[in-house]
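K.L.:
Sharing a structure here in structure tokens format.
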Amino acid sequence: MSALITEAAALRRWLFDAALPLWWKLAADRNRGGFHEAIGLDGKVNAQPHRARTIARMAYSYSEAGRLGWDGPWQDAAQHALRYLREHFVAADGAVASVVHLDGRIVEPIFELYDQAFMLLACASGQRAFGEAAGWRRCALAVRARLEQSLAHPLATHACRNDPIRICIFSSRPSPGWRSTKTRRGAA
């Protein structure tokens, strides 16, 4: 068991001392917003269009880093990602675009379930890290409404309709709005 504890401590040190600072320093696109997709072995980024799932994962990662006790600029990094998501990826109807050009124009307005799920994860992270006033619950509800509008089908099972939404639970006790999804559709 001590080997496992030693490895976990080493991984935590690497995450807090190397990975998170490196990504914030090099991969954050401070000119246009969001984060770059990759950092080369030479330490340079290859500026390519931004994907919703990448930016959402960064919002989640930095929010979780703060929750885990990282004393680095997790709030700045998480808000950097969250702000870019809200400003460039989320449409007025709650749909999440898949890819955005570096100039902020939508490249792929395709409604990909994978991107919707990652947006819900980012919303949950923003809600937990920054509270109700930040508006992430409202954003999640708009995405959820769009999911229900686009994917609900009277012949689909409860599990098929509800699983993508389950990712957006803001705490161990879901709000009544999320619980109502289950009751409206029947028992799982």
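The numbers here are math on the coordinates, done by the rules we state, and not lab data. In this text, all values refer to a predicted model and were calculated from it rather than measured experimentally. Cβ sites come from the backbone with ideal geometry, for glycine too, and all protein chains shown count toward neighbours.
K.L.:
Taking H placed 1.01 Å from N in the peptide plane, check which residues at least 5 places from Val107 or on another chain put their amide H under 5 Å from its amide H.
P.N.:
When sequence neighbours closer than 5 places are left aside, the close amide H contacts are Val99, Val100, His101.
K.L.:
For a protection proxy built on the mean count of beta-carbon atoms within 10 angstrom, sort 17-25, 38-46, 56-64, 94-102 highest first, please.
P.N.:
My ranking of the peptides, most packed first, is 56-64, 94-102, 17-25, 38-46.
K.L.:
So, one more: Could you pull out every residue, at least 5 positions away or on a different chain, whose amide H is within less than 5 Å of the one on Phe35? Hs are placed 1.01 Å off N in the peptide plane, and Pro or chain starts have none.
P.N.:
Asp29
K.L.:
Non-local amide H neighbours of Val45 (under 5 Å, H modeled in plane, Pro and chain starts lacking H): which ones?
P.N.:
Placed amide hydrogens put Gly40 under 5 Å from Val45.
K.L.:
Enumerate the calculated ³J(HN,Hα) couplings along segment 47-61 in order (Karplus 6.51 cos²θ - 1.76 cosθ + 1.60, θ = phi - 60°), each rounded to whole Hz, writing x wherever the residue is Gly or Pro.
P.N.:
Each residue of segment 47-61 in turn: 5, 10, x, 8, 9, 4, 5, 5, 5, 5, 5, 5, 4, 5, 4 Hz.
K.L.:
Quick one, what does Rg over Rh come out to for segment 23-85 if you take C-alpha atoms and the Kirkwood Rh? Don't skip to the end; give the middle numbers.
P.N.:
Numbers: Rg = 11.2 Å, Rh = 11.7 Å.
Radius of gyration relative to Kirkwood radius: 0.96.
K.L.:
Under 1.5 on a/c is rounded, so check that first for segment 37-139, then, if it is not, pick prolate when a/b is larger than b/c and oblate when it is not; a ≥ b ≥ c are the square roots of the alpha carbon gyration tensor eigenvalues.
P.N.:
Oblate is the answer for segment 37-139, as a/c is 1.5 or above yet b/c matches or exceeds a/b.
K.L.:
Right, another one. Tell me, what HN-Hα J-couplings in whole Hz come from the Karplus equation 6.51 cos²θ - 1.76 cosθ + 1.60 at θ = phi - 60° for each residue of segment 18-27, using x for Gly and Pro?
P.N.:
Result, rounded to whole Hz: 10, 5, 4, x, 4, 5, 5, 6, 9, 8.
K.L.:
At what distance in nm do the modelled label points of Glu37 and Glu132 sit from each other, each positioned 7 Å from its Cα along Cα→Cβ?
P.N.:
4.0 nm
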